[in-house]
Amino acid sequence: MSLNNQKEWSNPSAAGLVALAVACYIFFALLSGRLGTKPGELNALPLIAGWLFGGFVIQFITALIDLKGGNHVGGNTFLFFSAFFMLSSSIGMAMKSFVPYLDARVDGYVFLVLSITIWLWAPAFYKGNPFLFYIIVLLGVACPILAICDLKLVTGVTAKSLANFAAYVFLVIGTIGMYAAGAIVVNTAYGKELFPVPKPLYKEKKEKLVANAVK
């Protein structure tokens, strides 16, 4: 069979967004105190590790397909998301279940880097799907809070309040991710917009050419 007859791979972003939604709902449950995290007692950490590893597989594949298809912004974003938000978090959750006396402040430094990266990359998403831009903006709010809490810059009631606020930010992110994924799958399947999607926020200005500029 000729290679010229092969079709291009389909857009995998919907699957990547579902993986993101799963992770965000997990973070919501953790940060809001809805899941047990004490080894030897009610402990969801090993199960969370498994779910996040599944998210890593999906987002890593999504990143490779996006990059192969020339999606520079989405491919690179899904690539570092798959590594740090999914795989590293998965390993960390598993380690916290079995290894005592871990210095989790290292997570704060990682989230600090991820926060700055998200802030710097956010303008690139302004040109595309608004849902993705909203997700990036909200991640730019939630991740710094995780960095502050993990670095123990605040403690007690203040830390708990910040964590609870971040939990609901993750809940919103996950919900947007699910809707965006549904819109991509359904609208693509029918070839028309059944799930409403806002138009890009960025509009390029068309410059008028002056005919007599060059004589």
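Quick note: the coordinates plus some simple rules give every number you see, no bench work behind them. These numbers were taken from a predicted model, which means no experiment stands behind them. So basically every Cβ, Gly included, is an ideal-geometry build from the backbone, and we count neighbours across all protein chains shown.
Observations, loosely collected:
- Angle between the chain longest axis and helix 130-150 axis [Cα atoms, degrees, rounded to 10]: 30 degrees
- Orientation-averaged projected area, Cα convex hull of region 10-213 (nm²): 14.8 nm²
- Ordering of 13-19, 84-90, 118-124, 107-113 by packing is 13-19, 84-90, 107-113, 118-124, highest average first (other Cβ atoms within 10 Å, averaged per residue).
- Sequence-separation-based contact order of the chain, relative, with Cα cut under 8 Å and 6+ spacing, percent: 25 percent
- Distance in nm between pseudo-label sites at residue 105 and residue 141 (7 Å out along the Cβ direction from Cα): 2.9 nm
- Förster radius 25 Å - calculated FRET efficiency between residue 42 and residue 10 (Cβ-Cβ, nearest 0.05): 0.05
- Rounded to 10°, Cα long-axis angle of helix 13-31 versus longest principal axis of the chain: 30 degrees
- Each Lys or Arg adds one and each Asp or Glu subtracts one; over the other residues with Cβ under 14 Å from the Cβ of residue 97, this totals +1.
- Angle of helix 45-68 to the longest C-alpha principal axis of the chain, folded into 0 to 90 degrees and rounded to 10: 20°.
- Distance between region 79-126 and region 177-196 - C-alpha centres, whole angstrom: 30 Å
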